[in-house]
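Chemist: Following this message is one structure expressed as C-alpha cells.
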Amino acid sequence: MGNDSRRAKRLSLRTLSRIVAEANAAKDLDEMLRVMVEHIHQAMNVDVCSIYLTDEQTGRHTLSATVGLRKEAVDRLVLGPKEGLIGLVASQMQPLNIGDCSHHPRFKYIPLVGEEDFNAFLGVPIIFQGALLGVLVVQHRQSRRFTEQDVSFAVTLATQLASHIAFAKLTKTVVAPVAGESEGQWLDGLAAAPGIGIGTAVVLYELTAMHTIPDRVVTDTEAEKLAFVRAVAAVEQDLRELSASHEGHPPQQRELLEAYSMILTSNELVDAVLQSIDNGTWAPAALRTAVEELACKFDIMEDPYLCERGRDIRDLGRRVMDKLLEIEGGDVTYPQNTILVGTDLSAIDLIKVPTDRLRGAISERGSAFSHLAIVARTLGIPAVTGLGDLPLMQLDRREIIADGYRGRLYVNPNATVRREFRRLAREEQELNDFLEAFRDKQAITPDGERVTVLVNAGLAEDLPVALNAGAEGVGLYRTELLFMTQDRFPTEDQQVVLYRRVLEAFHPRPVTFRTLDIGGDKPLPYFPVCETNPFLGWRGIRICLDHPEIFEMQLSALLRASEGFANARLLIPMVSGSAELYRALTHVDKVYHALLAEGRPLDKPTVGVMIEVPSAVYQAELFARHVDFLSIGTNDLTQYLLAVDRDNERVAKLFDALHPAVLQAMFHVIRCGKQRQIPVTICGEVAGDPAAALLLLGMGAEYLSVNAGDIPKIKWLITKISRAHAQELLHRALDMEAPDPIREMLRGELEQAGLGALIRPGK
Ligand code: PEP
Ligand code: MG
C-alpha cells in the first residue's frame, strides 16, 4: 500500500469518527442533518451533499438538508417512492454511482433545486434495522464516476449515521407529533420481559465512556460551576504530583504532562464549560460537549503533531469527568416510576433500583435470554433490549414507555399513545386479577394429568414474590445471583444463613439449589474471567471443579443449611461429559461424609444434573443412572444447539426454543427420564412461554419451573388443555420444518382455546 493511500485511509477513518461525533452532539434532527451535510461536503470535497429522508408511511423522499443545492428546496422538494435517481437508490437499497446523471433514464429534472450543473451522482441508502430511512447523495460538476474509495466511505458513513438519524427522527416526531397521528413513533428492539412500563428514563452512564453522559438541565448553576472548578483543580493537582514523580524521566513525558496542564488552564476549555453551565446545562454534559468540540478542531488539522492533540484533550477530559462525577456523587436518584436505560444493563444494575420504583428496563445490548432479561422477568418488570446504538444522553429524564410485549420503546409519547398504553396496563392488571384465582390451585389438565409448577428464583429481593406466587417449590434457585451482589466470595457461614432463609421460607416445599454457575454472561465483579469466547470457555461446573475450595465451601454450606429441613436438592450446571459429572458427585459425597463425621444428622442429598449442553442430551440416559433427577436448561441448550449467542441482539431472531432440533432434544431427555423413572424438570425460559408449554405438556413433562409472574398463566393453560390434545399438537409440530410455522400454529391454538390473552397485550 502506498503512502498516499495509507494516509487517505487513516484520514477517512478519523474523519468518519469526527463526523459521527459531531452529528451525535447535535440538539435535534434538523441540526444533525445540517451538520452531517456540511461535514461530508467538506470531507469528501464535493460540490453537493444532500440528505433525503423517507417517510415510513408514504415512502416519499423529502430533501431535508443540503449544501450545494438551493436552500429553498429544503423541505419543499418531495419525491415519490420510486421517482428519479433517489427513488432508484431507495427501491434497490443499493448505492448508485453515475458519471453523467442527466443521461440516466431515471434522471428527473427539477428546476427548484438547481442541480443542472452537477453531472456526477453518488447516492447511498441510509438503512436502520433493515428499514430505509433516507438517501445520502453527493454530487460534483465533472462528468466522472466517484472513486471506489468515495463509495465505500459514503456507505460506511451512511451505516454509522443511520442510528443517530433514526433516533433523532423518532424524538422529533414524538415531540411534535403529526396531527391526527394515533400510534405515535417507537423504536424496535427485542421483547425481553413482558409488560408495559410507563415512567421516567434514568440513564446509567459508564464512567469511562464520555459519550454516554446524559444531557441534564440544572437550576443551581453556581453549585455546578463550583463542582467543575473543583474537578479541574483536582486534576491539576494530580498532574503536578505526576510531574514531580517523573523528575528523572525522559523529557517527553514531562512535556506531555505540561501540555496537559496548559490545555486544562487554557480559557478555551474552561470558559466553554462555564458558559454552558450558565445556560443551564449539567456540568458533566457541558464538559462532554466542550471537550468534543475542542478535540474536533485538532482532529482535522493536517499537521500530524497537532492532530494527535485531539486525543490528549479527550484523555484529559476523561480525567476531569471522573473527578467531576465523583464530586457530583455518582449516586443516581431514582424517581417514582423509574425506567432504567443503559448501553449494556446488567442484572446487578436492576437490583440496585428500589423495587417499588422500578417500572422497566431498556438496554441497547442484550437479548431476551440474557440475565438482565431473566432477572427482569423474575421481578415482573418489562424489559426491551437490543435497540442498537441509541444516543442515550438524549433520553435521560424523559417520559418513555417500555412495551415489553412487542419490544418497543416510545419516547415522549403523545396523549393518544399514553392513553392507549394506560388502557393496556389496566387490561394487564385485569388479566392478572383474573389469574389470581389459579395461583394456589393445582395444575391438572382436563384429562386428569397433574403438572407440578415450580418457581425460578435467586435474588433476596424476589424471595417474597416467589414465595407468594403459588409455586409448589423452587425448581431452580440460581445461587450465583447471590454471589453477584457481594463484593467478595461469601463465607460458608454467610451462605448457610442465606440458604437456610430460603429453605425455611419454602418448607416443606422443595428448593433446588443450583451450584455456582458463573462465567459466560454471569461474571462476578471480584472474580474476573476474560475470554474471547466466554460461553464456550471457563464456566459453570468447569470453574467449580478447578476451584474445589469454592465448590466444596458452597456444598458444605448447602448441606449444613438443609439440616433439619430435608427439602434441599442440589443441581449441577453446565455438565458436558460423564467425567465432569462423576467428579462433581465425588465432591458432593466427600463433603457429605465429612459433615456426617462431624456428627451432623444429614440425609443423603438429592442431586440432579442440568441438561443444557448438546453432549448432555446424548448422554442423558447415562447421566440419569447416576443422579436423582434431570433439569433441562433450555436457555443454554438452545444457544448451544443452534450456535446462537443468547446475549447477542444481532442474532436474537435466530434464538428460538421452538426450533425443531430443540424440541427433539427436549423430547428425548424427557423420555430418558421416564425410562429411568426419575423426574425431569424444564427450568429454562421456555417453560413459561405459553406456546412452548403446550408442546412440553405433549411431551409428557410433569415439572415446569417458571418465573413467578408466569405461574398463574401456566396453571390456567394446563387446566384448559388436555394432555391428549397437547400430544396431538406436538406431533403436528414435529412434522414441521422451522420454528415460525410451529409458533403460528400454537398461537392459533391458544386463541382458539380462549387463551389468547397469554400471548399478546390487551384482552
Ligand atoms: C438455562 O440455561 O436454561 C438455565 C435455566 O440456566 P441459566 O439461564 O441461568 O443459564
Ligand atoms: Mg444455563
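The values are calculated or read from the model by the stated rules, or taken from the named source; none is laboratory data. Because the structure is a prediction, the values reported are computed rather than measured. So basically every Cβ, Gly included, is an ideal-geometry build from the backbone, and we count neighbours across all protein chains shown.
Chemist: List the pairs whose first member sits in segment 267-286 and is farther than 21 Å from N24 by Cα, whose second member is hydrophobic (A, V, I, L, M, F, W, C) and outside any helix (DSSP H, G or I), and whose Cβ atoms are under 9 Å apart, counting only residues at least 6 apart or on separate chains?
Modeler: Final answer for the pair search is none.
Chemist: Confirm whether D75 is assigned to a helix (DSSP H, G or I) and farther than 20 Å from R144 by Cα.
Modeler: Spelling it out, it is not the case that D75 is assigned to a helix (DSSP H, G or I) and farther than 20 Å from R144 by Cα.
Chemist: For segment 476-497, give me each residue that is surrounded by 15 or more Cβ atoms within 10 Å (Cβ to Cβ) and either β-branched (V, I, T) or within 16 Å of ligand 1 (Cβ to nearest atom) (or both).
Modeler: Listed by number, the residues that qualify are L476, Y477, R478, T479, E480, L481, L482, F483, M484, T485, V496.
Chemist: Of all residues being within 13 Å of ligand 2 (Cβ to nearest atom) and of a type in the set (A, V, I, L, M) in segment 498-555, which is surrounded by the fewest Cβ atoms within 10 Å (Cβ to Cβ)? Just the residue, please.
Modeler: Step by step, filter segment 498-555, then rank; the result is I518.
Chemist: Take the residues of segment 625-660 that are under 29 Å from Q677 (Cβ atoms) and touching a strand residue (DSSP E or B) at 6+ places or on another chain (Cβ under 6 Å): which is nearest to ligand 1 (Cβ to nearest atom)?
Modeler: G633
Chemist: Among the residues of segment 96-126, write down those that are of a type outside the set (S, T, Y) and without any contact (Cβ under 8 Å) to a residue 24 or more places away in the chain.
Modeler: H103, H104, P105, R106, F107, P111, E116
Chemist: While we're here: Quick one: count up the residues across segment 374-407 that are within 20 Å of E685 (Cα to Cα), of a type in the set (A, V, I, L, M, F, W, C) and either at pLDDT below 90 or surrounded by fewer than 24 Cβ atoms within 10 Å (Cβ to Cβ) (or both).
Modeler: Counting residues in segment 374-407 that are within 20 Å of E685 (Cα to Cα), of a type in the set (A, V, I, L, M, F, W, C) and either at pLDDT below 90 or surrounded by fewer than 24 Cβ atoms within 10 Å (Cβ to Cβ) (or both) gives 4.
Chemist: Could you check segment 322-380 and list, in sequence order, the residues that are closer than 23 Å to R650 by Cα, touching a Lys or Arg at 6+ places or on another chain (Cβ under 7 Å) and more than 16 Å from ligand 1 (Cβ to nearest atom)?
Modeler: Within segment 322-380, T343, D344 meet the criteria.
Chemist: In segment 623-646, which residue that is of a type in the set (D, E, K, R) and in contact with a Gly (Cβ under 8 Å, 6 or more places away or on another chain) is nearest to ligand 2 (Cβ to nearest atom)?
Modeler: D636
Chemist: Residues that are within 30 Å of S346 (Cβ to Cβ) and surrounded by fewer than 20 Cβ atoms within 10 Å (Cβ to Cβ): does segment 447-460 have at least one?
Modeler: Looking through segment 447-460, at least one residue is within 30 Å of S346 (Cβ to Cβ) and surrounded by fewer than 20 Cβ atoms within 10 Å (Cβ to Cβ).
Chemist: Then there is this: Give me a count of the residues in segment 28-63 that are on the phi < 0 side of the Ramachandran plot and not in a helix (DSSP H, G or I).
Modeler: 18
Chemist: Condition first: closer than 18 Å to Y477 by Cβ and away from ligand 1 (no atom under 15 Å from the Cβ). Can you find one or more residues in segment 533-552 that meet it?
Modeler: yes
Chemist: Out of all the residues in segment 444-458, which are in contact (Cβ under 8 Å) with a residue 40 or more places away in the chain and over 34 Å from the mean Cα position of the chain (by Cα)?
Modeler: Passing the criteria: I444, T445, P446, D447, E449, R450.
Chemist: Looking only at residues that are more than 14 Å from L269 (Cα to Cα) and at pLDDT 80 or above in segment 320-332, which one is surrounded by the fewest Cβ atoms within 10 Å (Cβ to Cβ)?
Modeler: Among those residues, the one meeting the criterion is D322.
Chemist: Test L431 against the stated conditions and say whether it is under 32 Å from the mean Cα position of the chain (by Cα), within 30 Å of E728 (Cα to Cα), of a type in the set (A, V, I, L, M, F, W, C) and at pLDDT below 95.
Modeler: Against the criterion (under 32 Å from the mean Cα position of the chain (by Cα), within 30 Å of E728 (Cα to Cα), of a type in the set (A, V, I, L, M, F, W, C) and at pLDDT below 95), L431 qualifies.
Chemist: While we're on this one: For segment 39-88, which residues satisfy the criterion of being without any contact (Cβ under 8 Å) to a residue 40 or more places away in the chain and charged (D, E, K, R)?
Modeler: The answer is D55, R60, K71, D75, R76, K82, E83.
Chemist: Here's something else I'd like to know. Within the group Q129, Q160, which residue is assigned by TED's automatic domain parsing to the domain that holds E22, at positive phi and in contact (Cβ under 8 Å) with a residue 60 or more places away in the chain?
Modeler: Q129
Chemist: Please indicate, with yes or no, whether at least one residue in segment 336-347 is of a type in the set (D, E) and farther than 28 Å from S705 by Cβ.
Modeler: No, the conditions are met nowhere in segment 336-347.
Chemist: Within segment 647-667, can you find the residues that are farther than 20 Å from S576 by Cα and within 13 Å of ligand 2 (Cβ to nearest atom)?
Modeler: Answer for segment 647-667, where residues must be farther than 20 Å from S576 by Cα and within 13 Å of ligand 2 (Cβ to nearest atom): just D647.
Chemist: Let me ask something else about it. For residues in segment 675-689 being within 16 Å of ligand 2 (Cβ to nearest atom) and hydrophobic (A, V, I, L, M, F, W, C), which is farthest from I711 (Cα to Cα)?
Modeler: Selected residue: V680.
Chemist: Can you list residue pairs whose Cβ atoms sit under 6 Å apart, with the first residue in segment 564-579 being more than 10 Å from V613 (Cα to Cα) and the second being away from ligand 1 (no atom under 16 Å from the Cβ) and among the β-branched types (V, I, T)? Count only pairs 6 or more apart in sequence or on different chains.
Modeler: R569/T606; L570/V607
Chemist: What residue, among those in segment 556-579 that are among the hydrophobic types (A, V, I, L, M, F, W, C) and more than 16 Å from ligand 1 (Cβ to nearest atom), is surrounded by the fewest Cβ atoms within 10 Å (Cβ to Cβ)?
Modeler: Ranking the qualifying residues of segment 556-579, first place goes to A579.
Chemist: Another question about this same structure. Consider segment 618-630. How many of its residues are in contact (Cβ under 8 Å) with a residue 24 or more places away in the chain and under 12 Å from S578 (Cα atoms)?
Modeler: Matching residues across segment 618-630 total 9.
Chemist: Residues in segment 507-520: is at least one of a type in the set (A, V, I, L, M, F, W, C), away from ligand 1 (no atom under 14 Å from the Cβ) and in a strand (DSSP E or B)?
Modeler: Looking through segment 507-520, at least one residue is of a type in the set (A, V, I, L, M, F, W, C), away from ligand 1 (no atom under 14 Å from the Cβ) and in a strand (DSSP E or B).
Chemist: For the list (1) within 16 Å of ligand 1 (Cβ to nearest atom); (2) more than 28 Å from the chain's Cα centre (by Cα); (3) not β-branched (V, I, T), I need the number of the one condition that N468 fails.
Modeler: (1)
Chemist: Here's something else I'd like to know. Look through segment 75-124, keep the residues that are aromatic (F, W, Y) and surrounded by fewer than 19 Cβ atoms within 10 Å (Cβ to Cβ), and return whichever of them is nearest to L136 (Cα to Cα).
Modeler: Once the filter is applied, the top-ranked residue is F107.
Chemist: Okay, moving on. Look at E598 and say whether it is more than 16 Å from ligand 1 (Cβ to nearest atom) and of a type outside the set (F, W, Y).
Modeler: Against the criterion (more than 16 Å from ligand 1 (Cβ to nearest atom) and of a type outside the set (F, W, Y)), E598 qualifies.
Chemist: For the subset of segment 621-651 comprising residues that are β-branched (V, I, T), within 21 Å of the chain's Cα centre (by Cα) and more than 13 Å from F535 (Cα to Cα), which member is modelled with the lowest pLDDT?
Modeler: For segment 621-651, the residue satisfying everything is V651.
Chemist: Kindly evaluate A692 against the criterion of being in the same structural domain as I632 (by TED's automatic domain parsing), at pLDDT below 95 and either under 32 Å from the mean Cα position of the chain (by Cα) or away from ligand 2 (no atom under 16 Å from the Cβ) (or both).
Modeler: Taking the combined requirement at face value, the residue does not satisfy it.
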